[in-house]
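The values are calculated or read from the model by the stated rules, or taken from the named source; none is laboratory data. These figures come from a predicted structure and were not determined experimentally. Positions of Cβ are backbone-derived with ideal geometry, glycine not excepted, and every protein chain shown enters the neighbour counts. Ligands, DNA and RNA are stripped out before the accessible areas are found, and what is left, the full protein with its side chains, is counted by its heavy atoms. Shrake-Rupley method; radii C 1.70, N 1.55, O 1.52, S 1.80 Å.
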Amino acid sequence: MKEDEIERLIEKYKEGNSTLNEEQFLFDHIKNSDPSLEAWSTFVKNNKKETPNNFNDTLWESFQNKKIEKRKRFVGIISAAASVILLISLYIASPKQKEVSYSEKEDLLNQALNMVSNSEPSEIQQSIIYENEMIIIYTTP
C-alpha cells in the first residue's frame, strides 16, 4: 500500500499537482524507487533554504512602494497635462484687442476733445483745488 501511495505521489509531483505536504512526505520516504527522483530528493534536501521571518511583510511593503511611486508619477503627469491644457485654453479664449492705427487713435482723441470743450481754454475760468508734480485738480463753473 505504501508503494502505491508513493507511486501516486510521484506521478502527482511530475504533473505539478502535488501540495507542499505531499512533496515533503515524498522526499522523506523515497528510498530506491526511482534513482532520478532520489537524486532530486537529495538535491532538494541539501539546497533547501528557509524564508526570512518578515518575508511577506517585506514583499508587501515593496509592492505598496511601487504602487505609490506609480500613483505619484501618474498624478504628476496628469497635473502637467492639465496645466498645459489650461494655458492653451486661456490663450485661445482670451479676447483679442482690435488693432487701431495711429490715425484712427488721433481722430478718436480729437472727437473726445471736441465733445468736452466747445469753447477756448482761455475763456474757461478754473479754480485749482489741489496741485502736485503729477496731478492738478481744478473746478470750472
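Taking the stated definitions as given, is SER62 surrounded by 10 or more Cβ atoms within 10 Å (Cβ to Cβ) and on the phi < 0 side of the Ramachandran plot? Walk me through how you get there before you give the answer.
Values: surrounded by 10 or more Cβ atoms within 10 Å (Cβ to Cβ): yes; on the phi < 0 side of the Ramachandran plot: yes.
Spelling it out, SER62 is indeed surrounded by 10 or more Cβ atoms within 10 Å (Cβ to Cβ) and on the phi < 0 side of the Ramachandran plot.
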Task: Residue within the stretch 115-131 that is open to solvent by 90 Å² or more (accessible area, probe 1.4 Å), at pLDDT 85 or above and assigned to a helix (DSSP H, G or I) present - done: no
Open item on the list: With the requirement that a residue be open to solvent by less than 70 Å² (accessible area, probe 1.4 Å) and in a helix (DSSP H, G or I), what does the stretch 3-24 give you?
Closed with: GLU5, ILE6, LEU9, ILE10, LYS12, TYR13, GLU22, GLU23
Open item on the list: Just checking, does the stretch 79-94 include any residue being on the phi < 0 side of the Ramachandran plot and assigned to a loop (DSSP other than H, G, I, E, B)?
Closed with: yes
Open item on the list: Let me spell it out: the conditions are (1) assigned to a strand (DSSP E or B); (2) open to solvent by 90 Å² or more (accessible area, probe 1.4 Å), and PHE74 meets all of them except one. Which number is the exception?
Closed with: (1)
Open item on the list: Suppose we keep only residues that are modelled with pLDDT under 90 and open to solvent by less than 100 Å² (accessible area, probe 1.4 Å) within the stretch 85-106. Which one would you say is nearest to the chain's Cα centre (by Cα)?
Closed with: ALA93
Task: Selection from the stretch 46-82 of residues that are under 30 Å from PHE27 (Cα atoms) and acidic (Asp, Glu) - done: GLU50, ASP57
Task: Qualifying residue in the stretch 32-44 (condition: assigned to a helix (DSSP H, G or I), free of Cβ contacts under 8 Å to residues at least 40 places away in the same chain, among the β-branched types (Val, Ile, Thr) and in contact with a Phe, Trp or Tyr (Cβ under 7 Å, 6 or more places away or on another chain)) - done: yes
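Right, ALA82: open to solvent by less than 70 Å² (accessible area, probe 1.4 Å), free of Cβ contacts under 8 Å to residues at least 12 places away in the same chain and within 30 Å of TYR138 (Cα to Cα) or not?
Criteria not met by ALA82.
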